Amino acid sequence: MTPAGEELRARLREILGAEGVLTTAADCAPYLTDHRQLYHGAALAVARPRTVAQVSQVLACCNAARVGVVPHGGNTGYCGGATPDESGRQLVLSLQRLNRIRSLDAANYSLVADAGCILGQLQQAAEDAERYLPLTLGSQGSCQIGGNLSTNAGGTSVLRYGMARDLVLGLEVVLPDGRVLDALSALRKDNTGYDIKSLFLGAEGTLGVITAATLKLFPKVRDVATAFAAVADVPAALALLARLREASSDRVSSFELIPRIAVELTTRHIAHVTDPLDRAHDWYVLCEVASSHAADVMEELLGNALGAALADGLVLDAAVARNERERAALWRLRESIPEAQRKDGASLKHDIAVPVAALPDFLVRASSWVSANALQGRLVAYGHLGDGNLHFNLNAAPGADARRFLADAPRVGRAIHDLVREFGGSFSAEHGIGRLKVEELERYADAVELDLMRAVKSAFDPHGIMNPGKVLRA
Ligand code: MLT
Ligand code: ZN
């Protein structure tokens, strides 16, 4: 450690106390690798503040010393945004001890939470107050709300409630120079100039550190019905979505596309996952309709809509969950697809979106490119059909050479993302940029937009200490 590094560690101990600063290799290890194991960084220390004042002091100190700061939440991101670089000169700032729900206002349908609160903890608090926090992610047992907002997380209820940014009423943010932006408003209407707080949503910690947020709540869900339906093809799935939206007064909360191979991978690799239907089909949807009215009509409504779609040939077979256990089993199948992919071996991920109506055409073009050009891989394309967002992933084909398969990632990614651009889509619909997609952003972002992003970055963070090298090149 250099003398300057030692000096900074000593200063951090003054601010945070000895237990608030981790420096040994064993203590720091969990903060230095992303959960996909794509990056293995090093850090001069891991700071673990307990208060906003401490975050402010830490940032002011790093800003003065020109030390890069890498905010770190639940470490569930897909693009390496929370992992420091390999220099050993950056500080990891963990928000995990800033984990208090500050208040919950049921009458205002809002709650204020520290950044380090686990998403599941907030969902439970809302539920206890007869309210609903709709952000729903496979990682909700460990991801933190600060990270969810910094990455503008998506998940399986975007179709009805929007992305993480749509659930934010207010934010508290510590700026790189240590100033605290208090924009923790609980207002639904506040039309007073630039919406500064929105810039931190999706900025992945490159402009400042989100320390707390006011989140929107909704009426508690009291009647929910979930089904797993085999569909004739992807256009049939989209036609079914339109029917369900109409039949349910637009109360479809999830509509997830699942290919046959995902059923095979999850039933093979994940305990207690079984195929909900008797026979194999090419495509399925997991759909859910939900209401705050405890009338117990959702199951009938969903059953009737699926029955009609079956009669019309859109749906080939379906299983409607009859109880909470069956519902959880259907969700387990869907949510364990990423884990099953991981267990199956090497994989390439493409988190793409195109306009919903263009998805069938995109799938035809992109799949035929994969079968003709990515011979080492097989397609595992699934995801948030209702949002036009698919995880157009590939797994190494049985018997393929995993190293060769992975080495082909740039070529495959380029072809898929170029096609996405042709369709007016996004190369990163919900997983953000992090470190992984910086080059892609440079290639696909509009030049004017990229200029503005760089201008915002230097206005907020003139010394470039916030999460250097993430989103934008350092
Ligand atoms: C999902 O929807 O399961 C996730 O966003 C993860 C993935 O890309 O596999
Ligand atoms: Zn997803």
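The values are calculated or read from the model by the stated rules, or taken from the named source; none is laboratory data. This one's a predicted model, so the numbers in the text were calculated from it and none came from an experiment. Glycine also receives a Cβ, built like all others from the backbone with ideal geometry; neighbour counts cover every protein chain displayed. Accessible surface areas use protein heavy atoms only, side chains included; no ligands, DNA or RNA. Shrake-Rupley method; radii C 1.70, N 1.55, O 1.52, S 1.80 Å.
Of the beta bridges in segment 18-94, as assigned by DSSP with both residues counted there, near 30 percent are antiparallel.
Keeping all protein chains in place and using 1.4 angstrom, which order do THR2, THR156 fall into by accessible surface area, from largest down? Could the numbers behind the result be given before it?
On the way: THR2 85, THR156 15 Å².
Most to least solvent-accessible, the answer reads THR2, THR156.
If R₀ is 41 angstrom, what is the calculated FRET efficiency for the pair ALA308 and GLU339, using the beta carbon separation as r and rounding to 0.05? In this case the efficiency is close to 0.75.
Separation of segment 59-98 from segment 403-474 is 19 Å, based on Cα centroids. Computed with a 1.4 Å probe on the full set of protein chains, the accessible area for LEU181 sits at about 50 Å².
Within the assembled protein chains, the solvent-accessible surface assigned to THR23 is about 40 Å², based on a 1.4 Å probe. Residue separation of ALA455 and SER87 scaled by 0.36 nm, minus their Cα-Cα distance, works out to 129.9 nm of gained length. In 5 Å bins starting at zero, report the fraction of Cα pairs in segment 1-124 per bin as a rounded %. Computed distribution, short to long bins: 2, 11, 20, 21, 18, 13, 8, 4, 2, 1, 0.
The Kirkwood radius of the chain, taken over pairs of alpha-carbon atoms, gives through the Stokes-Einstein law at 37 °C and 0.692 mPa s a diffusion coefficient of 140 µm² s⁻¹.
Close amide H pairs (under 5 Å, H built 1.01 Å from N) link ASP317 with ALA230, residues at least 5 positions away or on another chain.
I need the fraction of alpha carbon pairs in segment 10-70 separated by more than 13 Å, rounded to a whole percent. Tail of P(r) above 13 Å: 63 percent of Cα pairs. Computed from the Cβ-Cβ distance with R0 of 51 Å, the FRET efficiency linking ALA53 to ASP250 stands at 0.70.
Values of log10 I(q)/I(0) for segment 83-205 across q = 0.14, 0.19, 0.20, 0.22 Å⁻¹ run -0.63, -1.16, -1.29, -1.53, by the Debye formula with one identical scatterer at each alpha carbon and no solvent. Packing here is the average count of other Cβ atoms within 10 Å per residue, and on that basis the peptides 410-416, 466-472, 257-263, 13-19, highest first, run 466-472, 257-263, 410-416, 13-19. DSSP assigns beta bridges within the chain; of those with both partners inside it, close to 90 percent run antiparallel. Between ALA328 and HIS35, the FRET efficiency from the beta-carbon distance, with R0 = 35 Å, is close to 0.90.
Dividing the summed -39500 (n - 2.57) terms of all DSSP H runs of n ≥ 4 by the residue count of the chain sets its mean residue ellipticity at 222 nm at -10500 deg cm²/dmol.
Take 193-199, 79-85, 357-363, 114-120 and order them by the average number of nearby Cβ atoms within 10 Å per residue, most first; the result is 79-85, 114-120, 357-363, 193-199.
Seen against the Cα atoms of the chain and their longest principal axis, helix 119-128 is set at about 70 degrees. Computed from Cα positions, the angle between helix 3-16 and the longest principal axis of the chain comes to roughly 70 degrees.
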